[in-house]
Amino acid sequence: MGQATECASQATVEATVIDSELVNENVLRRLLVRAGRTLASPALEALELLLDSSTPSPVRLTMLAALSYLLMPADLIPDILPVAGFSDDLVALTAVIGVWRNHLTPAMKARAQHRLERLFPLTR
């Protein structure tokens, strides 16, 4: 029985979570331009993390689930309730930050920065 539990805990998730072909770049570009440079930078880093083939599937699933929850208008605990209303959002945000910090590579950051510079060229 111990061996079966060990095998189950070592099971890997094999799934294609998101593919760069599924991202409508025109819609993404319009959304990021409306959001502005400050919000576009972390959004592009998150996108690079999701699209990078070296990102493990469980990490992608966690990011997608947490980001989707943060963007949904409906919450498990309504935000109008003082303190408690934002606790579920805090859990989702903590998941995003943890995954981000542990899996975002310098190469992903550089690609995100390149995309950011194309969207928001710095004029001199």
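None of the figures in this text is laboratory data; all of them are computed from the coordinates on show. Given the structure is predicted, the values throughout are model-derived calculations rather than measurements. In this analysis, Cβ positions are derived from the backbone assuming ideal geometry, glycine residues included, and neighbour counts consider all displayed protein chains.
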Item checked: Estimated vicinal HN-Hα couplings, Hz - segment 56-71 in sequence order (Karplus 6.51, -1.76, 1.60; Gly, Pro = x) -> x, 4, x, 5, 4, 4, 4, 4, 4, 5, 5, 5, 4, 4, 5, 8
Checklist line | Residues of segment 88-119 with amide N under 16 Å of a point placed 7 Å along Cα→Cβ from Arg29 | finding: 114-119
Item checked: 14 Å beta-carbon shell around Leu31, net charge (K/R +1, D/E -1) -> +4
